[in-house]
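One structure is given here, and the rest of the page talks about it.
No value in this document is a laboratory result; all are computed from the given coordinates. As the structure is a prediction and not an experimental result, all values here were calculated from the model. Neighbour counts are summed over all protein chains in view; Cβ atoms, including those assigned to glycine, are modelled from backbone coordinates with ideal geometry.
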Amino acid sequence: MICLIYPKGNIISLCDPESYLFSRKGFKFNKDTISKKFKEVLRAVNFPEKFHFHCLRHTFITSLIKSGVNINYVKEIAGHSEIQTTMNYIHIITNDLREAVNKINI
């Protein structure tokens, strides 16, 4: 089950087909509509076509890990059943590795 928890304590379950993150006056967007709109925005700001709406999920999960959130919590937030799936979403760069090593007090 995937849930989003908002600061006021509201929880939206994405397993409920009546719950939509994106809607407009009764109109419920499907994933294709959102993906197409995302591509339009990317083109408008001259971003590479290689980016997809799903990339935001990777970015969110990576940001949680970089912020020090326990991977077990991230796994639950993402709705993954296996930690390996969550690990596949984490993207680190050389600078992240440098920062990790620089945290060592010698």
Sum up the charges of everything whose Cβ sits under 15 Å from the Cβ of residue 74, counting Lys and Arg as +1 and Asp and Glu as -1, but leave residue 74 out. +1
Global form of the range 19-106, assessed from the alpha-carbon gyration tensor, a/c cut-off 1.5: oblate
Applying the Karplus parametrisation 6.51 cos²θ - 1.76 cosθ + 1.60 with θ = phi - 60° to the phi angles of the range 94-106, what ³J(HN,Hα) value in whole Hz is obtained for each residue in order, glycine and proline being reported as x? 3, 4, 4, 5, 4, 4, 4, 5, 5, 6, 6, 8, 10
Note, residue 38: beta-carbon cut-off 14 Å, +1 each Lys/Arg, -1 each Asp/Glu, net +4
Need one number: nm distance between label points at residue 95 and residue 33, each 7 Å from Cα along Cα→Cβ, rounded to one decimal. 3.7 nm
